[in-house]
Amino acid sequence: MSDQDFPSSREELADFMDRLSFSDEPADAPPRLPANEDIMVTTSIRLPLGLHSRLKDLADERRVGVSTLLREWAEAAVAEIDDEDHMISLAEAKRALSRVHPIHRAS
């Protein structure tokens, strides 16, 4: 066989296939997760280097990883969106208020 342990000729393929075993019995399913556990999914995002560096600094200050920090922030954002008592988030309110120009009154 080749360096990668894959058959590279018809003879090697025949030998490889002869060593395989097949069964009509169903394979064992993986165990079910307990009700309070969730499957963690890996995802990737593209971030500018400066933003990633800042996130790393913030995570280091909190002694957590960047993934943990972002997951906590995402959970908080989703919880805030799902909260029926608030029409907009506090961050959105601050952003809106920062754009309001102060009224200049004549003295």
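The values are calculated or read from the model by the stated rules, or taken from the named source; none is laboratory data. Predicted model, so just to flag it, every value in this text is computed and none were measured. Every residue, glycine as well, gets a Cβ built from its backbone with ideal geometry; the counts of neighbours run over all protein chains shown. Side chains included, ligands, DNA and RNA excluded: accessible areas come from the protein's heavy atoms. Shrake-Rupley method; radii C 1.70, N 1.55, O 1.52, S 1.80 Å.
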Qualifying residue in segment 68-80 (condition: of a type in the set (S, T, N, Q), open to solvent by 80 Å² or more (accessible area, probe 1.4 Å) and modelled with pLDDT of 85 or more): no
Right, Glu61: of a type outside the set (Gly, Ala, Ser), assigned to a helix (DSSP H, G or I) and surrounded by 10 or more Cβ atoms within 10 Å (Cβ to Cβ) or not? no
Counted residues, segment 25-46 - those being under 17 Å from the mean Cα position of the chain (by Cα) and of a type in the set (Lys, Arg): 1
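Any idea which of Asp18, Asp24, Asp38 is open to solvent by 100 Å² or more (accessible area, probe 1.4 Å), farther than 30 Å from Glu72 by Cα, out of contact with any strand residue (DSSP E or B) (no Cβ under 9 Å at 6 or more places or on another chain) and part of a loop (DSSP other than H, G, I, E, B)?
Asp24
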Kindly indicate whether any position in segment 47-56 is over 19 Å from the mean Cα position of the chain (by Cα), in a loop (DSSP other than H, G, I, E, B) and not acidic (Asp, Glu). no
